[in-house]
Amino acid sequence: MNPDPTSERAPLPRALARPARGRVLLLAPHADDDVLGAGGTCALHAEQGDPVHVIVAYDGLEGDPERRFARTELRERRQREAREGGAHLGLSSYEFLQYAEGHLPAPHELLEAARKLAARLRALAVDTLYSPWVGEHHVDHHVLARAARLAVALSGFRGAAWGYEVWTPLVPTVVVDVTSVHARKVAALREHASQLAYLDILHKGLALGAQRAMYLAKEARYGEAFAPLGEPYGSDRELLRTTG
């Protein structure tokens, strides 16, 4: 018998009015995930003068299942949407890696991607890293989280590494009050017209933000939730060990 009937309760997250100061790297699987997962928090970073660099990992070509656009046109369109969306949040530093979507990479491919991210962590002298959390059901989100965890280990990163949610809710450790920048987050998402044509991310994608305000002050309306990114696990940990 469990002697503590409360032991399985989720912990109460810390409520933050502002994120910690410092240089930020925001990893996004696709253009628009940056806004959905941590856009409000990064807008607050930008407001307080923190440099924010956004890396979009995948090419986004699967975001047009009906093939309404030529591939080259869609790639350029999604990059433009990302930059125009980011402008509403005070974000202007973007990098697009153009990985192909929708598959689990071979171990050597995952390790190569992690090494690239580790190099960027070092070069940018990052204090806070935001990445999708590893429990995301979407395969691209999940893979990027694994690559980010490997990159943290490979780089010797000693800053704060946080996982954010897009499709799959996490159990939060921290919730940031983004009420003051929510209208800008909505405006940023409206720039992603190529994706709004297929999915109502303004409604479905923003729903978690309203729920996260449950953990904030009574007057708060929207929050963004984070949990520690964690360390490489299982086969990824073994992959890290074999690299020496």
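Every number here is computed from the coordinates shown, using simple stated rules; none is lab data. Worth saying up front: this structure is predicted, and the values here are computed from it rather than measured. Here the Cβ positions follow ideal geometry from the backbone for every residue, glycine too, while neighbour counts run over all protein chains shown.
Structural remarks
- Residue under evaluation Leu97, criteria (1) surrounded by fewer than 18 Cβ atoms within 10 Å (Cβ to Cβ); (2) without any contact (Cβ under 8 Å) to a residue 40 or more places away in the chain, criterion not met: (2)
- Taking residues in segment 69-94 that are under 19 Å from Cys42 (Cα atoms), and partners anywhere that are of a type outside the set (A, V, I, L, M) and assigned to a helix (DSSP H, G or I), the pairs with Cβ atoms closer than 6 Å and at least 6 places apart or on different chains are His88/Arg184; Leu89/Gly39; Leu89/Arg184; Tyr94/Arg83.
Per-residue answers, yes or no, for (1) over 16 Å from Tyr164 (Cβ atoms); (2) surrounded by 12 or more Cβ atoms within 10 Å (Cβ to Cβ):
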residue	(1), (2)
Ala193	yes, no
Leu196	yes, yes
Ile201	no, yes
Gly205	no, yes
Gly209	no, yes
Glu219	yes, no
Arg237	yes, yes
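- The residue pairs whose first member lies in segment 105-134 and is closer than 13 Å to Ala148 by Cβ and without any contact (Cβ under 8 Å) to a residue 60 or more places away in the chain, whose second member is crowded, with 19+ Cβ neighbours inside 10 Å and among the polar types (S, T, N, Q), and whose beta carbons are closer than 6 Å, counting only pairs six or more residues apart or on different chains, are Ala118/Ser155.
- Residues in segment 153-180 that are surrounded by fewer than 23 Cβ atoms within 10 Å (Cβ to Cβ) and farther than 17 Å from Arg14 by Cβ: Ala153, Leu154, Ser155, Gly156, Phe157, Arg158, Gly159, Trp167, Thr168, Pro169, Ser180.
- Segment 51-94, subset closer than 23 Å to Leu117 by Cβ and hydroxyl-bearing (Ser, Thr, Tyr), residue surrounded by the fewest Cβ atoms within 10 Å (Cβ to Cβ): Ser92
- Strands (runs of 3 or more DSSP E) enclosed by segment 133-244 - at least 3 residues per element that are over 27 Å from Ala113 (Cβ atoms): 174-177
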